[in-house]
Amino acid sequence: MANRMLVPEAKNGLNKFKEEVAREMGVQFSDYNGNLTSRECGSVGGEMVKKMVEQYESKL
């Protein structure tokens, strides 16, 4: 099964959101993130999900 994006237009928005969350957390994201730990990358992803869930719940 090929890996494909369902909504390619969302990629830029998610990248901006990721950079914003990383900046808030003090994690230095760049074009190359091989110097970051799995914990740092995972914490940014987890915080992104947390913020998205909070935003969704506030709209209910």
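Summary table below
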read-out: Among the residues listed as V49, V27, V44, V53, the single one being in contact with a Phe, Trp or Tyr (Cβ under 9 Å, 6 or more places away or on another chain) and among the β-branched types (V, I, T); value: V44
read-out: Residue within the range 30-43 that is in a loop (DSSP other than H, G, I, E, B) and surrounded by 11 or more Cβ atoms within 10 Å (Cβ to Cβ) present; value: yes
read-out: Close pairs (6 angstrom Cβ cut-off, 6 or more residues apart or separate chains): within 14 Å of A22 (Cβ to Cβ) in the range 34-60, surrounded by 14 or more Cβ atoms within 10 Å (Cβ to Cβ) anywhere; value: E40/V27; V44/V21; V44/A22; V44/V27; E47/V21; M48/V21
read-out: Lone qualifier among V21, V27 - being on the phi < 0 side of the Ramachandran plot, assigned to a loop (DSSP other than H, G, I, E, B) and either surrounded by 10 or more Cβ atoms within 10 Å (Cβ to Cβ) or touching a Ser or Thr at 6+ places or on another chain (Cβ under 7 Å) (or both); value: V27
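Okay, residues lined up against (1) at pLDDT below 90; (2) touching a Gly at 6+ places or on another chain (Cβ under 6 Å); (3) of a type in the set (V, I, T):
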site: A2; (1), (2), (3): yes, no, no
site: P8; (1), (2), (3): yes, no, no
site: N12; (1), (2), (3): yes, no, no
site: E19; (1), (2), (3): no, no, no
site: M25; (1), (2), (3): no, no, no
site: S30; (1), (2), (3): yes, no, no
site: N33; (1), (2), (3): yes, no, no
site: V49; (1), (2), (3): no, no, yes
site: Q55; (1), (2), (3): no, no, no
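The values are calculated or read from the model by the stated rules, or taken from the named source; none is laboratory data. Please read all numbers here as calculations on a predicted model, not as lab measurements. Cβ sites come from the backbone with ideal geometry, for glycine too, and all protein chains shown count toward neighbours.
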